[in-house]
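A short write-up of the structure that comes next.
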Amino acid sequence: MARISVKSAVTRFMIVFQLSLISIICFALMRGVLLVRAWPQVDNFSSAWLYIFGQGLIYDTAFISYFYIPFVLFFLLLPNRWLINSKTIRYLIQGGVFLTLYGLGFSMVAEWYFWSEFGVRFNFISVDYLVYRREVTDNILQSYPVVTILTVLLILTGIVFYFIRPAILKNLNATERFKKRMFIAGSLLMLPLLSFCLIDQSQRSVSDNNYVNELASNGPYQLFAAFRNNRLDYRQFYVTGNDHDLSARLKKQVITDESLPQKGNYDIGRYIKVPGAATKLNVMLITVESLSAKYLTRFGQTEDITPFMDKWFKQGMLFTNFYATGTRTTRGLEAITLSIPPTPGRSIVKRPDNSHMYSLGKVFEDLGYDTAFLYGGRGFFDNMNVFFGGNGYRIVDEPCLGSEEITFKNAWGVCDEDLFNRAIHEANQSYTKQKPFFFHIMTTSNHQPFTFPEGKIDLTPGEGRGGSGRSGGVKYTDYALSRLMNQAKKQPWFDNTVFIVVADHCAGSAGKVGLPVKKYHIPMFIYSPKHIRAQEVDTLASQIDLAPTLLSLLNISYDSFFFGKDILSADFKGRALIANYQKLGLLNNEELLFLSPGKQINRMDLGHENCVLEKISKDYPGVKDLMAYYQGADYVFTHRLNRWSRPIKRPELSKVSSLDQDIKFVIYPVSGYSQNHNTFREKS
């Protein structure tokens, strides 16, 4: 009987069990290693470890069950005679086992580096990394010792394979009837079926500590889940309210002219009419990659890596309480361009059907400006060319630059100096044609691998192996901005140009709880020495408010579907909208309220030292405003309300004077949060 039981245990499917066991051990080791890295951020370890490793095992098992479906089907359908007699089949199986082990090791190394950069398991960012292969591959090759890593992985895989190969060969000698194979395969295939029905993302949101939830996840599982959840259905996953009531609340938040007729749900389309003629100045809007506020001396940086900006930002209007709406470049571009709150999942920039929207570029285009989006990399990345091209901008990206214009480039594109040189060239061309310009410039140098031309600053390019890393990237960005301004001051259009510097997002977004507010704090700076006096504005605001503020400064009347408002207006109430791809927040000076999938609403008291989360109901003060912004944004996009193919009906207007490029304005020092700027309009 003993022989029979041993013989019956020898089955081709044992290979699947062996690989599954190895995978579970590796995933557990990976979880333990990441736990050590995140140890200072993990509260109440005595109770958290059970959830981390218990829930982690569930996700590990779920992923393994999905991954090995092809293996199970292969062994089910493979005839005995092929398995026993075909050397080719046997070598293919052994090769498949070896590649699986190698892939397992590769995923562990990739997750280690991904956690190092983002502080989370694989998520939707990793999906982008797979989609945009060229930029990401070049970035990896320039940032990490790839050849060494792959070689070491190959050796380790060979050692593991050497020890398990005898067991594999033994199991390949097993002959089984199809009926028995059906029973084993059917039993194994029940596991992915149960995983599909019973396991989803909600199980990784048990803890209030983001690090604990991430540790309880499985990296490869999260990667594939991100493919499925790149866009979340707002009404399915988030708490919702009555559209009529929330629409009225949104309009009250956004529209200041109460005489406007009440239109349909969330239809905030209106004509922003300002007295007098527009001040038709040129605009150069520079969105700087990953320029967190903390990198400036004004906000506590002590490394002296922004010497130019530290001086320059005292010469114009610096917004000191300003926040990014999201954690990715596309989120910043979306908010600045469309003035719309972030919707869950992927950014509008990357979604289909994202053209003909009321945008900042469209306003300037309608005024006769040369409107362009300038990007140091290839605009194919993140769908930027399609988005900007469909919303009133012409495109100038890396492929548009001639070889003589490129002095240095890396995985993400040309260095900031080369991009700024092209911006000067484009501005001179517009000036020659007697046409004002609006250029939205997106930089790339302050991004891993942090390489830039040598000899420009006193730090070494690159990350690791002697490179200065982020500090070098920031300091080179500062240097490039100083060169841009030195060149711009020599141009005939300088005196009639407004320069704006704002970050797309912060350098990091990981945090213990909810939305880590400090990881969204960025600077915004507006500079035009002939028109704007030096001052600081400490009103709480975010990127969706940039466009209305800029257009108000220029005294421009325009059709608007913007959710943001003029920060400097008397009726502006300080608040900021911040989010990641799942959590949607409304920030005020005392607290952060945010919505999460699973129809959850949370509150975080900013005055509490430990930033404790508490669950709240829809009746909590401010929640209805929170819901109005985000449910409204989802409704506006899905119902295509903010398209200029749907013209806004303007009120009857009296004749106004034509635009005059020579009109000047002066902003006087601001005191307090609610200072408006009607003063300089009257002075004009």
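The values are calculated or read from the model by the stated rules, or taken from the named source; none is laboratory data. The model shown is predicted, which means the values in this text are computed figures rather than measured ones. Positions of Cβ are backbone-derived with ideal geometry, glycine not excepted, and every protein chain shown enters the neighbour counts.
Summary table
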item	result
Answer from 448, 429 - the residue that is over 17 Å from residue 405 (Cβ atoms) and not small (Gly, Ala, Ser)	448
Qualifying residues in segment 43-86 (those that are over 16 Å from residue 121 (Cβ atoms) and either acidic (Asp, Glu) or touching a Lys or Arg at 6+ places or on another chain (Cβ under 7 Å) (or both)) - the one surrounded by the most Cβ atoms within 10 Å (Cβ to Cβ)	75
Matching residues, segment 346-404, being at pLDDT 95 or above, assigned to a loop (DSSP other than H, G, I, E, B) and charged (D, E, K, R)	397
Selected residue (only one of 406, 395, 457 is hydrophobic (A, V, I, L, M, F, W, C), surrounded by fewer than 18 Cβ atoms within 10 Å (Cβ to Cβ) and more than 30 Å from residue 279 (Cα to Cα))	406
Flag for residue 518 being basic (Lys, Arg) and in contact with a helix residue (DSSP H, G or I) (Cβ under 7 Å, 6 or more places away or on another chain)	no
Checklist (1) closer than 27 Å to residue 253 by Cβ; (2) surrounded by 23 or more Cβ atoms within 10 Å (Cβ to Cβ); (3) of a type outside the set (Gly, Ala, Ser) applied to residue 371, failing item	(1)
Identity of the residue in segment 425-454, more than 23 Å from residue 290 (Cβ to Cβ) and crowded, with 18+ Cβ neighbours inside 10 Å, that ends up nearest to the chain's Cα centre (by Cα)	438
Count - residues of segment 265-315 that are within 20 Å of residue 543 (Cα to Cα) and aromatic (Phe, Trp, Tyr)	3
Cross-chain or 6+ apart pairs with Cβ under 8 Å, segment 335-349 first and closer than 18 Å to residue 644 by Cα and not assigned by TED's automatic domain parsing to the domain that holds residue 391, then of a type outside the set (A, V, I, L, M) and in a helix (DSSP H, G or I)	none
Filter pass, residue 551 being part of a helix (DSSP H, G or I), more than 19 Å from residue 296 (Cα to Cα) and among the aliphatic types (A, V, I, L, M)	yes
Boolean, residue 25 is in the same structural domain as residue 221 (by TED's automatic domain parsing), out of contact with any Phe, Trp or Tyr (no Cβ under 9 Å at 6 or more places or on another chain) and in a helix (DSSP H, G or I)	yes
Selection status of residue 542, small (Gly, Ala, Ser), farther than 30 Å from residue 282 by Cβ and within 24 Å of the chain's Cα centre (by Cα)	no
Number of the exception - residue 483 against (1) at pLDDT 90 or above; (2) surrounded by fewer than 18 Cβ atoms within 10 Å (Cβ to Cβ); (3) within 27 Å of the chain's Cα centre (by Cα)	(3)
Pairs, first modelled with pLDDT under 90 in segment 631-648, second not in a loop (DSSP other than H, G, I, E, B), C-beta under 7 Å, six or more apart	644/362; 648/270; 648/271; 648/559
Candidate set: segment 107-122, residues that are of a type in the set (D, E, K, R) and more than 15 Å from residue 59 (Cα to Cα); chosen: the one farthest from the chain's Cα centre (by Cα)	111
Among the residues listed as 274, 288, the single one being in contact (Cβ under 8 Å) with a residue 24 or more places away in the chain and over 30 Å from residue 117 (Cα atoms)	274
Failed item in (1) at pLDDT 95 or above; (2) surrounded by fewer than 18 Cβ atoms within 10 Å (Cβ to Cβ); (3) of a type outside the set (D, E, K, R), with residue 186 passing the rest	(1)
Search result, residues across segment 405-435 that are part of a loop (DSSP other than H, G, I, E, B) and in contact (Cβ under 8 Å) with a residue 60 or more places away in the chain	411, 412, 415, 433, 435
Residues satisfying the stated conditions in segment 569-579, i.e. surrounded by fewer than 24 Cβ atoms within 10 Å (Cβ to Cβ) and either among the polar types (S, T, N, Q) or touching a residue at least 24 places away in the same chain (Cβ under 8 Å) (or both)	569, 570, 571, 572, 574, 575
In segment 443-487, the residues that are in contact with a Lys or Arg (Cβ under 7 Å, 6 or more places away or on another chain) and either of a type in the set (Lys, Arg) or under 18 Å from residue 116 (Cβ atoms) (or both)	450
Criterion: in the same structural domain as residue 101 (by TED's automatic domain parsing), more than 32 Å from the chain's Cα centre (by Cα) and farther than 14 Å from residue 217 by Cα - qualifying residue of 44, 80	80
Residues that are surrounded by 15 or more Cβ atoms within 10 Å (Cβ to Cβ), in a loop (DSSP other than H, G, I, E, B) and in contact with a Gly (Cβ under 9 Å, 6 or more places away or on another chain), drawn from segment 594-641	611, 641
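For every residue, the table says whether it meets (1) in contact with a helix residue (DSSP H, G or I) (Cβ under 7 Å, 6 or more places away or on another chain); (2) more than 19 Å from residue 360 (Cα to Cα).
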| position | (1), (2) |
| --- | --- |
| 551 | yes, no |
| 557 | no, no |
| 564 | yes, no |
| 570 | no, yes |
| 575 | no, yes |
| 583 | no, yes |
| 586 | yes, yes |
| 593 | yes, yes |
| 598 | yes, yes |
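Residue-wise test of (1) in a loop (DSSP other than H, G, I, E, B); (2) modelled with pLDDT of 95 or more; (3) surrounded by 20 or more Cβ atoms within 10 Å (Cβ to Cβ).
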site: 277; (1), (2), (3): yes, no, no
site: 284; (1), (2), (3): no, yes, yes
site: 290; (1), (2), (3): yes, no, yes
site: 303; (1), (2), (3): yes, no, no
site: 309; (1), (2), (3): no, yes, yes
site: 322; (1), (2), (3): no, yes, yes
site: 327; (1), (2), (3): yes, no, yes
site: 336; (1), (2), (3): no, yes, yes
site: 341; (1), (2), (3): yes, yes, yes
